[in-house]
Amino acid sequence: MTFAGFVAQIIDILSGVVPLIFSLTLLVIVWKVVSLWIMNPGEADKIEEGKKIVVVGVIALVIMSGIWGILAILRDSLF
């Protein structure tokens, strides 16, 4: 096995895992929004906690998009 083959194998594995992580992150964000904003509409503490979770979730999704883009660039440029 060559180094390029090894790297290709790692990138293929990561390319399969990233969509799963995206899905789980989005599911957690939606679940938290429903449980904090919709189920507790009048509680200011819960609404603030929900806002924090949404901000952190969006930042996480942006970072994961960047990682996915970097993996795509690596896969296209190396192979």
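The values are calculated or read from the model by the stated rules, or taken from the named source; none is laboratory data. What you see is a predicted model; the values in this text were computed from it and never measured. Glycine gets a Cβ as well: all are built from the backbone with ideal geometry, and neighbour counts include every protein chain shown. Calculation scope for accessible area: heavy atoms of the full protein, side chains included, ligands and nucleic acids excluded. Shrake-Rupley method; radii C 1.70, N 1.55, O 1.52, S 1.80 Å.
Checking each residue in the stretch 41-79 for being of a type in the set (S, T, Y) and either closer than 23 Å to T25 by Cα or touching a strand residue (DSSP E or B) at 6+ places or on another chain (Cβ under 9 Å) (or both) picks out only S65. Checked against (1) at pLDDT 80 or above; (2) under 20 Å from D12 (Cα atoms); (3) not small (G, A, S), L74 meets all criteria but (1). Enumerate the pairs (first residue in the stretch 15-37 and within 30 Å of I73 (Cα to Cα); second residue anywhere and open to solvent by 40 Å² or more (accessible area, probe 1.4 Å) and of a type in the set (D, E, K, R)) with beta-carbon separation below 9 Å, excluding pairs fewer than 6 apart on the same chain, so at least 6 apart or on different chains. If the second residue must be open to solvent by 40 Å² or more (accessible area, probe 1.4 Å) and of a type in the set (D, E, K, R), the pairs left are S15/R75.
Scan the stretch 21-44 and give yes if some residue there is closer than 30 Å to F3 by Cα and in a helix (DSSP H, G or I), otherwise no. Yes, the conditions are met somewhere in the stretch 21-44.
Looking at this structure, is K32 out of contact with any Gly (no Cβ under 9 Å at 6 or more places or on another chain) and charged (D, E, K, R)? Spelling it out, it is not the case that K32 is out of contact with any Gly (no Cβ under 9 Å at 6 or more places or on another chain) and charged (D, E, K, R). Within the stretch 30-52, can one find any residue that is at pLDDT 85 or above, at negative phi, surrounded by 13 or more Cβ atoms within 10 Å (Cβ to Cβ) and under 14 Å from the mean Cα position of the chain (by Cα)? Within the stretch 30-52, none of the residues are at pLDDT 85 or above, at negative phi, surrounded by 13 or more Cβ atoms within 10 Å (Cβ to Cβ) and under 14 Å from the mean Cα position of the chain (by Cα).
The selection criterion, being open to solvent by less than 90 Å² (accessible area, probe 1.4 Å) and either outside any helix (DSSP H, G or I) or at pLDDT below 85 (or both), does not hold for G57. Of all the numbered requirements in (1) without any contact (Cβ under 8 Å) to a residue 60 or more places away in the chain; (2) open to solvent by 80 Å² or more (accessible area, probe 1.4 Å), L78 misses one, and that requirement is (1).
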